[in-house]
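Enquirer: First the structure, then my questions, so here it is.
The values are calculated or read from the model by the stated rules, or taken from the named source; none is laboratory data. Nothing here was measured: the structure is a model prediction, and the numbers come from that model. Heads up, the Cβs are rebuilt from the backbone with ideal geometry, glycines too, and the neighbour counts pull from every protein chain shown. Keep in mind that these areas ignore ligands, DNA and RNA; they rest on the heavy atoms of the full protein, side chains included. Shrake-Rupley method; radii C 1.70, N 1.55, O 1.52, S 1.80 Å.
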Amino acid sequence: MTTNTNIASDIAEAKRRIKIFDTTLRDGEQAPGASMKPEQKIVIARQLARMGVDVIEPGFAISSPGEFQAIQHISRELQNVEICGFARCVKADIDSAVAATQDAARRRLHLFISASQIHLDFQLRKTQDQVVQMMREMVAYGKQFVDEIEFSPMDASRSSEEFLFRVVEAAIEEGATIINIPDTMGYALPEEFGPLFTRVREGVRGGDKVVYSTHCHNDLGLAVANSLAAIRHGVTQVEVSVNGVGERAGNCSLEELVMAIETRGDSMGVETGIRTEHIYETSRLVSRTMHFPIAFNKPIVGRNAFQHESGIHQDGLLKNRNTYEIMDPEAMGIPRSMIILGKHSGRHAIKHRVSEFGVSLDEKEMEELYNRFKAKADELKIVTDDVLMELVGESTDTIVQPYSLVDLQVLAGSNRSRIASVTIRSSADGEERTYTGAGDGPLEAVIHCIREAMPVDAVFEDLELHSLSTGEDATGEAVVTVSSAGKRNIGSAVHKDIILAAAKAYVAAVNGVILAVRTKEVRREAAGE
Ligand code: KIV
Ligand code: ZN
């Protein structure tokens, strides 16, 4: 039964919905070296839509014919998401943005012009009156074609409040429906940026009739904090980019903002419509496509973000996740396969990792493994899966890995195709077999050999190489991701020879696939299925 008290408490608990406006394909692509081919932008746009962003800004239509076509394609194909055309206060820009987004089911036009005195004096070389005039004409021009007009006074946080109010008021008078106040240079502090929205809403004529949005850059590492401050002051749309890519230090990171709201939304009374389980995959896709590596310690999507090296943390975590984690990585689609094992790891974590490969050890074997592990961890920074499995084999006098790499030779150079020869031992029959392969690069040649040696239905998805030390004798770490039957498996290995490290990581990843299937079968048999 619904009572008045129920209704009152439902109303009190109703959360304000924050729209996520994604600008990965526009501002994100403005990051040096991040430009993408039209077909790559389309793939990312599909993934953004799948993840549930509310608005996609797919690019700057006037900038090139390829860009125009990508925006047109995205507008036609993605009919479930609002598409935003982007333009300076210039007729040709507006015409191009309007034409490119013509077939979108829902669309808006985003117009911007600088509002700070320094931009007016040195970049636009225009007076305040001229800027207001130009903006008025162009907002009115755009409004003839598109109803929903978003206006951004660029460099707002360094503008005089008087002029900021004046341009915003004029934009509203001409028909702007969304006011996006950007911290273009990442200069604002949360305690001053948030209240600015309240002052604009209350101080500008018509200010209570429009929707407010924010767009923060991360030059001082404050983009998320400033966006949250804006939300506290009534903003209902935040402009973000995946992995925080964008001009200079980038934009407000989608995954950080969304997870801050997801984790602490009760305190703020807000929520988003993002399907968080797609976050990790989207982050990987953007990083791979733009060739932008993600810092190990990047919140949410960095590879260390949910890894626990200290024995105390690992022990606590395995007893109860909440002891040392405030979010569940699986809720963001992050594979939980990589607790980093190193010299700080305790028995509990080692046993757990080994059990993920379907191996169970008695007490004596575990003690033997632990001692070998500690000796190895002193030597290597990280005990990777392939080393761990070798140690398990030595401690138990068994061969755990379905396949192991015995030998690798590569011929690389400038004038010919690269040739590799790889010897692999199969634990099924104990035989060693040698395979040869060629490729455009030495790694490709090696991958061809291993694929032939391990006939498993697993797709080689990604290879990351990191240097774990400096100097010409540096040790390299390779992390290979393979996918099989819709599941991802990661293998890692460390060696001074990076080709060998990559080969071992690939073998470890495919071994992981085989062992996961075997473990499933054993469990099914044990359960009498
Ligand atoms: O940073 C910025 O001010 C922008 C605007 C054009 C929104 O990207
Ligand atoms: Zn920007």
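Enquirer: List the relative contact order of the chain as a percent without decimals, with contacts defined as Cα pairs under 8 Å and 6+ residues apart.
Expert: It rounds to 9 percent for the chain.
Enquirer: So what's the back-of-envelope 222 nm ellipticity for the chain, counting only DSSP H runs of four-plus at -39500 (n - 2.57) apiece and dividing by all residues, rounded to 500?
Expert: Roughly -13000 deg cm²/dmol at 222 nm, from the helical runs in the chain.
Enquirer: Let me ask something else. Tally Lys and Arg at +1 and Asp and Glu at -1 over the other residues with C-beta under 14 Å from the C-beta of T198: what net charge comes out?
Expert: -2
Enquirer: Shifting gears a bit: Scan around C216 for amide H atoms under 5 Å from its own, H built in the peptide plane at 1.01 Å from N, and keep only partners 5 or more places away or cross-chain.
Expert: Correct list: D183, E239, C252.
Enquirer: Which whole-number percentage describes the relative contact order of region 311-396, with Cα contacts under 8 Å and a sequence gap of 6 or more?
Expert: That works out to 29 percent.
Enquirer: Where both residues lie in region 15-290, what percent of DSSP beta bridges are antiparallel, nearest 5?
Expert: Roughly 5 percent of the beta bridges in region 15-290 run antiparallel, per DSSP.
Enquirer: Take the alpha carbon gyration tensor of region 111-233, find the square roots of its eigenvalues, order them as a ≥ b ≥ c, and report rounded if a/c is under 1.5; if not, report prolate when a/b exceeds b/c, else oblate.
Expert: Oblate shape, in that a/c is at least 1.5 and b/c is the bigger or equal ratio.
Enquirer: Further question: Does the chain classify as rounded, prolate or oblate by the C-alpha gyration tensor (a ≥ b ≥ c root eigenvalues; a/c under 1.5 gives rounded; else a/b over b/c gives prolate, otherwise oblate)?
Expert: Note, shape of the chain comes out prolate.
Enquirer: Counting only other residues whose beta carbon sits under 12 Å from that of G439, what net charge do I get with K and R as +1, D and E as -1?
Expert: So the environment of G439 carries a net charge of +1.
Enquirer: Using the Karplus equation 6.51 cos²θ - 1.76 cosθ + 1.60 (θ = phi - 60°), what ³J(HN,Hα) coupling, rounded to whole Hz, does each residue of region 485-499 give in order, writing x for Gly and Pro?
Expert: Values per residue, Gly and Pro as x: 6, x, 10, 9, 10, 10, x, 9, 7, 10, 6, 5, 8, 5, 5 Hz.
Enquirer: So what is the relative contact order for region 403-526, in percent, with contacts set as C-alpha pairs under 8 Å and at least six apart?
Expert: 17
Enquirer: Sticking with this structure for a sec: Between region 46-62 and region 420-483, how far is it from one alpha carbon centroid to the other, in angstrom?
Expert: Going from one Cα centre to the other spans 36 Å.
Enquirer: What whole number of Å gives the distance from the Cα centroid of region 149-214 to the Cα centroid of region 336-375?
Expert: 56
Enquirer: Mind checking the full-extension length gain between E137 and Q102? Use 0.36 nm per residue of separation minus the Cα-Cα distance, one decimal, nm.
Expert: Gain on extension, E137 to Q102, equals 10.5 nm.
Enquirer: Ranking request for peptides 108-121, 16-29: highest mean number of other beta-carbon atoms within 10 Å first, then the rest in descending order.
Expert: Per-residue Cβ counts within 10 Å, averaged per peptide and sorted highest first, yield 16-29, 108-121.
Enquirer: Could you check how much of the accessible area of region 311-396 is carbon and sulfur, as a whole percent, using a 1.4 Å probe?
Expert: Using a 1.4 Å probe with all protein chains present, region 311-396 comes out at 49 percent carbon and sulfur.
Enquirer: Going by average Cβ neighbours within 10 Å, how do the peptides 290-300, 221-231, 163-173, 480-490 rank, with the highest at the top?
Expert: The peptides rank, most packed first, as 221-231, 163-173, 480-490, 290-300.
Enquirer: Right, another one. Just to check I understand the Karplus step: with θ = phi - 60° and J = 6.51 cos²θ - 1.76 cosθ + 1.60, what whole-Hz values come out for region 505-516, glycine and proline as x?
Expert: 5, 5, 4, 4, 5, 6, 4, x, 5, 5, 5, 5
Enquirer: Around G439, which amide H atoms from residues at least 5 apart in sequence, or from another chain, sit under 5 Å from its own amide H, with H modelled in the peptide plane?
Expert: Under 5 Å from the amide H of G439 lie the amide H atoms of R418, A445, each far enough along the sequence or on another chain.
Enquirer: Roughly speaking, what is the stretch gain from A485 to E452, that is 0.36 nm per residue apart minus the C-alpha to C-alpha distance, in nm to one decimal?
Expert: 10.0 nm
Enquirer: Percent antiparallel among DSSP beta bridges with both residues in the chain, to the nearest 5?
Expert: The antiparallel fraction comes to roughly 50 percent.
Enquirer: If you put +1 on each Lys and Arg Cβ and -1 on each Asp and Glu Cβ, how big is the dipole of region 280-386 around its Cα centre, in Debye rounded to 20?
Expert: The dipole of region 280-386 has a size of about 360 debye.
Enquirer: At a Förster distance of 41 Å, what's the computed FRET efficiency of R199 paired with F296, Cβ-Cβ distance as r, to 0.05?
Expert: Here the calculated transfer efficiency is 0.55.
Enquirer: Something else about it: Using amide H atoms built 1.01 Å from N in the peptide plane, name the residues 5+ places from M154, or on other chains, whose amide H lies under 5 Å from its own.
Expert: I113, S114, A115
Enquirer: If you plug each phi of region 20-31 into the Karplus form 6.51 cos²θ - 1.76 cosθ + 1.60 with θ = phi - 60°, what whole-Hz ³J(HN,Hα) values come out, in order, with x for Gly and Pro?
Expert: Values, residue by residue: 9, 9, 9, 10, 4, 7, 10, 5, x, 6, 6, 5 Hz.
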